[in-house]
Structure formats: structure tokens, C-alpha cells
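See below for the structure under consideration.
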Amino acid sequence: MRTTFTLDEDVAAEVERLRREEGLGLSQAVNRLIRKGMTVTPRSSGYSHKSVSVGLKVDVTDIGAVLDVLDDD
């Protein structure tokens, strides 16, 4: 597929670096970088939800009971 696009300066610099280091043509270097980006897995945000039992059980389908429990405090 033949197309025209504009590379940001940092991307163009990386393409040129790859071309120089590995003796690749422009299309080969661009394709290699795109493929590399396609295989990178995103990092986990590190968020972990923690639950703690507080010993309170309320049937949330009965709103009246929920309000009664909350009013008891």
C-alpha cells in the first residue's frame, strides 16, 4: 500500500536512527517501528481495589431497610 503521511520530529529521528544502525530503507524502518508498537502491551496502572468485611449485610433491593440501617448510626 502506498500512502503519504507526516512524521513528528521525534518519530522521524527514530526512523533515521534505525535506518543508519540497521541499514534499512525508509519503508522497512517505518514498518518495523509500527510493528514494534503494535506488540507492546500496556502497563498496568497498579490500581488494586481492596475490600474489607465490616460485618454489615443489607439487602440493597429494599431501600427502606438500607435507610434504616444508615439512620441507626
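Out of the residues in the stretch 21-73 meeting the condition of being more than 15 Å from Val11 (Cβ to Cβ) and touching a residue at least 12 places away in the same chain (Cβ under 8 Å), tell me which one is surrounded by the most Cβ atoms within 10 Å (Cβ to Cβ). Step by step, filter the stretch 21-73, then rank; the result is Val69.
One line per residue, one yes/no per condition, for (1) polar (S, T, N, Q); (2) modelled with pLDDT of 95 or more; (3) touching a Cys at 6+ places or on another chain (Cβ under 9 Å):
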position	(1), (2), (3)
Thr4	yes, no, no
Asp8	no, yes, no
Ala12	no, yes, no
Val15	no, yes, no
Gly23	no, yes, no
Gly37	no, no, no
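Can Val60 be described as in contact with a helix residue (DSSP H, G or I) (Cβ under 8 Å, 6 or more places away or on another chain) and not aromatic (Phe, Trp, Tyr)? So Val60 passes the test. Considered as a group, the residues in the stretch 45-73 that are outside any loop (DSSP other than H, G, I, E, B) and among the small types (Gly, Ala, Ser) include one that is modelled with the lowest pLDDT, and that residue is Ala65. The residues listed here are Leu7, Leu18; of these, the one that is outside any loop (DSSP other than H, G, I, E, B), surrounded by 10 or more Cβ atoms within 10 Å (Cβ to Cβ) and of a type in the set (A, V, I, L, M) is Leu18.
Gly23 satisfies every condition listed in (1) at negative phi; (2) more than 21 Å from the chain's Cα centre (by Cα) except (1).
One residue stands out among those in the stretch 24-44 that are in a loop (DSSP other than H, G, I, E, B) and not small (Gly, Ala, Ser): the one that is farthest from Arg2 (Cα to Cα), which is Arg43.
The values are calculated or read from the model by the stated rules, or taken from the named source; none is laboratory data. Remember, it's a predicted structure, so these values are computed and weren't measured experimentally. All Cβ positions, even for glycine, are placed from backbone atoms using ideal geometry, and neighbour counts span all protein chains on display.
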